[in-house]
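A.B. asks: Here it is, the structure, as C-alpha cells.
The values are calculated or read from the model by the stated rules, or taken from the named source; none is laboratory data. Since the model is a prediction, treat every value here as computed from it, not as a measurement. Glycine gets a Cβ as well: all are built from the backbone with ideal geometry, and neighbour counts include every protein chain shown. Note: areas computed on protein heavy atoms with side chains; ligands, DNA, RNA excluded. Shrake-Rupley method; radii C 1.70, N 1.55, O 1.52, S 1.80 Å.
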Amino acid sequence: MENSSEFSYKDVLDNFGEKKISERYDSICELLNGFIKRNKYEGKVIVCASIVNQLIIDYFTDLYRLKEFHHIDLANYIKITAYMSYWLARRKPLQIVEDDVNDIELAFCNENFVLSYIMRFLQNDVINIYDEDGMYREFVSTLSYTLRYRTLTAQMLELMIEGFMGGKVFQKTISNK
C-alpha cells in the first residue's frame, strides 16, 4: 500500500482472512447476547447484526492501517482491546426495542457493555484487587463516565488500559514486599 488513496477492503480481507473476521464477528455477537441475558434485557434490547458487521469492518480496517503504518505483523492485546472497545462504543450495536423508564441503565446499555468488555480483559489474569482505598472502584466509575460522556478515541482507551495494567504491576510489586 503506497498511499492511502489505493486502500481497498480487499487488502483487509487478504491480511486477516475471512475466517478470522467471521470468528471475531461471532465472538462479539456471543458476548453481546450474553450481556443481554445477564442484564435481563431480553425483549428490550437486540443485537443489530448490520451494525456489528460495520464495527467489525471498522475494527479490522484500523488494525490493518496500524500494522501497515508501523510495519508490524501483530498488534498487542491492549491495542486490540482498545480498538474493539472504541468501535463498539462508537457504533452502538445494542439497540433498544422496548423502553423501560424505570431502568436508567438501559439508555447506557452499549456503554455498559463496553465497560464490561474492557474490565473482562483487564481482569483476565485473575489477581486479587486490593481496593481498601477505593481506587479500583474509582477507576471503574471514571471509565464508565468516560464511556458515557466523553469524546472517545481508540488511543485514549489504549492509554487508560495501559494505565490500569501499569497499576496492576505496581500493586504486585508492593504486595510482594
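A.B. asks: Do you know which of the residues in the range 141-164 that are in contact with a helix residue (DSSP H, G or I) (Cβ under 7 Å, 6 or more places away or on another chain) and of a type in the set (A, V, I, L, M, F, W, C) is nearest to K92 (Cα to Cα)?
C.D. replies: Here the residue is L147.
A.B. asks: If you check E111 against the conditions, is it farther than 25 Å from N15 by Cα and at pLDDT below 95?
C.D. replies: No, not satisfied.
A.B. asks: Something else: List the helices (runs of 4 or more DSSP H) that sit entirely inside the range 1-108 and contain at least 3 residues that are touching a residue at least 12 places away in the same chain (Cβ under 8 Å) and open to solvent by 60 Å² or more (accessible area, probe 1.4 Å).
C.D. replies: Of the helices (runs of 4 or more DSSP H) lying wholly inside the range 1-108, those with at least 3 residues that are touching a residue at least 12 places away in the same chain (Cβ under 8 Å) and open to solvent by 60 Å² or more (accessible area, probe 1.4 Å) span 49-70, 77-91.
A.B. asks: To continue, here is another question. Would you please list the contacts, defined by Cβ atoms under 9 Å and residues six or more apart or on different chains, that run from a residue in the range 145-159 that is touching a residue at least 12 places away in the same chain (Cβ under 8 Å) and in a loop (DSSP other than H, G, I, E, B) to a residue that is open to solvent by 30 Å² or more (accessible area, probe 1.4 Å) and not charged (D, E, K, R)?
C.D. replies: Between residues of the range 145-159 that are touching a residue at least 12 places away in the same chain (Cβ under 8 Å) and in a loop (DSSP other than H, G, I, E, B) and residues that are open to solvent by 30 Å² or more (accessible area, probe 1.4 Å) and not charged (D, E, K, R), the close pairs are L152/Y86; T153/Y86.
A.B. asks: Now a separate question. Restricting attention to the range 135-157, which residues are among the charged types (D, E, K, R) and either at pLDDT 95 or above or touching a Gly at 6+ places or on another chain (Cβ under 7 Å) (or both)?
C.D. replies: R148, R150
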